[in-house]
Amino acid sequence: MKNKPAYINLYKKGKLDKIIEKLNKVLESCELCPRKCKVNRKKGEQGFCRSGKDLMISSFGPHFGEEPELVGKLGSGTIFLANCNLGCIYCQNYDISHLGEGTEFTVEQLARQMIHLKNIGCHNINFVTPTHFLPQIVEAVKSAVALGLDLPLVYNSSGYDNVVMIKIAEGVFDIYMPDIKYSDSKYAEKYSQAPDYFERAKEAVKEMHRQVGDLETEEGIAARGLLIRHLVLPNNAAGSEKVLEFIAKDISRDSYVNIMDQYRPCYKAGNFEEISRFPKKEELDKAIAIARSLGLHRGF
């Protein structure tokens, strides 16, 4: 990379320690996500995400199913964190997010896994569902920098983030990759138990863009910036038009937007008739047409 990630400078100036201190304090009355459960995770109390003080990791390794700008030739170094602060009834990874399948890791173990992913050639370190483990992740980053980590870090979240925490962590992540799942509070509550989803996601994504700007690449590989995902749901349950309008008007028409067609009725989706099928081709085509009409032109 031409430019070193910003977290290296934070490390050299001792600013990572201050970020870690602030985030660790939050664990005593957890407000890492918009639910603000206020549980003391340091004492083993658990809120909505069912997570305590220790990291739970489901898997790690090079991933080739992400966006081309992340994958490159050698893969995105993904680390799948167990549990989740959303309750999506159609989650394709429900064994991880709902059932919490994973292994307890120390901060030092996570740091060594990052170095392993770097050593095997991965282009970045991609934290999947990091919101509820943000303090532990940043602490592990500090340890990993001391071991030689210098890859871009990807914050790959559901979009249901507390903007205050995103502000505290400024400079740690080079690439933000949030979902924007819904624009309709009714469906956000019905399918993910988060009626305030769109409001909180808009706040968080605006702050993410302020920090890192539009996606920048070096030789086709993502180096820094914002990459937004939007999953098309059957019967327009995601409210795609309002989501895309927000991106085009309030973020940037140069935003990289992955309009995804991967939805399939997993987990408990079969209990809800309106999302119990795959999206139709015309539903996906309509979302893409809306994006283009709004001036969006990157991704899809």
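The values are calculated or read from the model by the stated rules, or taken from the named source; none is laboratory data. Note that the structure is predicted; figures quoted are calculated from it, not measured. Neighbour counts are summed over all protein chains in view; Cβ atoms, including those assigned to glycine, are modelled from backbone coordinates with ideal geometry.
Details
- VAL154 being in a helix (DSSP H, G or I), within 19 Å of the chain's Cα centre (by Cα), of a type in the set (A, V, I, L, M, F, W, C) and crowded, with 20+ Cβ neighbours inside 10 Å: no
- Being small (Gly, Ala, Ser), buried (at least 19 other Cβ atoms within 10 Å of the Cβ) and over 21 Å from VAL26 (Cβ atoms) is a condition met by at least one residue of the stretch 79-97.
- Members of the stretch 241-300 found to be among the polar types (S, T, N, Q), more than 18 Å from GLY159 (Cβ to Cβ) and not in a loop (DSSP other than H, G, I, E, B), listed by number: ASN271, SER293
- Members of the stretch 171-216 that are in a helix (DSSP H, G or I), touching a helix residue (DSSP H, G or I) at 6+ places or on another chain (Cβ under 6 Å) and small (Gly, Ala, Ser): ALA188, ALA204
- Selection status of TYR263, crowded, with 20+ Cβ neighbours inside 10 Å, closer than 23 Å to GLU66 by Cβ and aromatic (Phe, Trp, Tyr): yes
- Scanning the stretch 116-138 for residues that are assigned to a helix (DSSP H, G or I) and buried (at least 23 other Cβ atoms within 10 Å of the Cβ) gives LEU117, THR131, HIS132, PHE133, LEU134, PRO135, GLN136, ILE137, VAL138.
- Condition met for ASP161 (among the acidic types (Asp, Glu) and within 14 Å of the chain's Cα centre (by Cα)): yes
- Matching residues in the stretch 217-243 - criterion: being polar (S, T, N, Q) and surrounded by fewer than 16 Cβ atoms within 10 Å (Cβ to Cβ): THR217, ASN235
- Residues considered: PHE246, PHE272. Of these, the only one that is hydrophobic (A, V, I, L, M, F, W, C), surrounded by 14 or more Cβ atoms within 10 Å (Cβ to Cβ) and within 18 Å of TYR176 (Cβ to Cβ) is PHE246.
- Selection of the stretch 6-19 for residues being buried (at least 21 other Cβ atoms within 10 Å of the Cβ) and hydrophobic (A, V, I, L, M, F, W, C) yields LEU10, LEU16, ILE19.
- Among the residues of the stretch 70-109, those that are farther than 29 Å from SER192 by Cα, touching a strand residue (DSSP E or B) at 6+ places or on another chain (Cβ under 9 Å) and assigned to a helix (DSSP H, G or I) comprise VAL107, GLN109.
- When the stretch 226-281 is filtered for residues that are more than 22 Å from ALA194 (Cα to Cα) and free of Cβ contacts under 8 Å to residues at least 12 places away in the same chain, only LYS281 remains.
- Taken together, the residues in the stretch 275-300 that are modelled with pLDDT of 95 or more and over 15 Å from PHE246 (Cα atoms) amount to 14.
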